[in-house]
Amino acid sequence: QVQLVESGGGLVQAGGSLRLSCAASGSILSINYMGWYRQAPGKQRELVATITSGGSANYADSVKGRFTISRDNAKNTVYLQMNSLKPEDTAVYYCNSDGVRRIDYSDYLEVYWGQGTQVTVSS
């Protein structure tokens, strides 16, 4: 089985910073993209940022210039550095990745989600 384990959420004042981490564990042959989504109360889950194994990053307009996504391919870990946080960034942040697993001599592409970590920004 594959698990995504997140850490780093918490409570911070507006203007502050937090760093989220997400590590993938299990029998994974390779991971192409890893990313972060968030869901605020009463709203749909939305993309925050993604990054490919080659380092190509993509950001939601609302976080460009404030958030930075990075990854350590050797550790199957993705990070989200969040600066200049705003109250509207308050949400549960979910880690997301694809992954290739070998089962009975065949390779399968799967998608995984973490359990979520709460980020709360006070005004």
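The values are calculated or read from the model by the stated rules, or taken from the named source; none is laboratory data. What you see is a predicted model; the values in this text were computed from it and never measured. Just the protein is used for accessible areas: all its heavy atoms, side chains included, with ligands, DNA and RNA removed. Shrake-Rupley method; radii C 1.70, N 1.55, O 1.52, S 1.80 Å.
Run the reach check for residue 43 against lysines, Cα to Cα strictly under 18 Å, same-chain hits fewer than 8 apart removed. What comes back?
Of all the lysines, those that pass the test against residue 43 - Cα under 18 Å, at least 8 places apart if same chain - are 86.
Roughly speaking, to the nearest percent, how much of segment 34-123's 1.4 Å accessible area is carbon and sulfur? Mind showing how you got there, number by number?
Details: 2240 of 4840 Å².
Here carbon and sulfur together make up 46 percent of the probe-accessible area.
Return one whole number: the accessible area per residue of segment 1-116 in Å², for a 1.4 Å probe. Before the final figure, lay out each step's value.
Details: 6330 Å² over 116 residues.
Here the residues of segment 1-116 average 55 Å² of exposed surface.
Please list, in chain and number order, the residues 5+ apart from residue 67 or on another chain whose amide H is under 5 Å from its amide H, with Hs placed from the backbone.
The answer is 83.
What list of ³J(HN,Hα) values in whole Hz, one per residue of segment 15-28 in order, does the Karplus curve 6.51 cos²θ - 1.76 cosθ + 1.60 (θ = phi - 60°) give from phi, with Gly and Pro shown as x?
3J(HN,Hα) across segment 15-28, in whole Hz: x, x, 9, 9, 10, 9, 10, 8, 10, 8, 10, x, 8, 10.
Residues with amide H under 5 Å of residue 116's amide H, sequence separation 5 or more or different chain, H placed in the peptide plane at 1.01 Å from N; which?
6, 95
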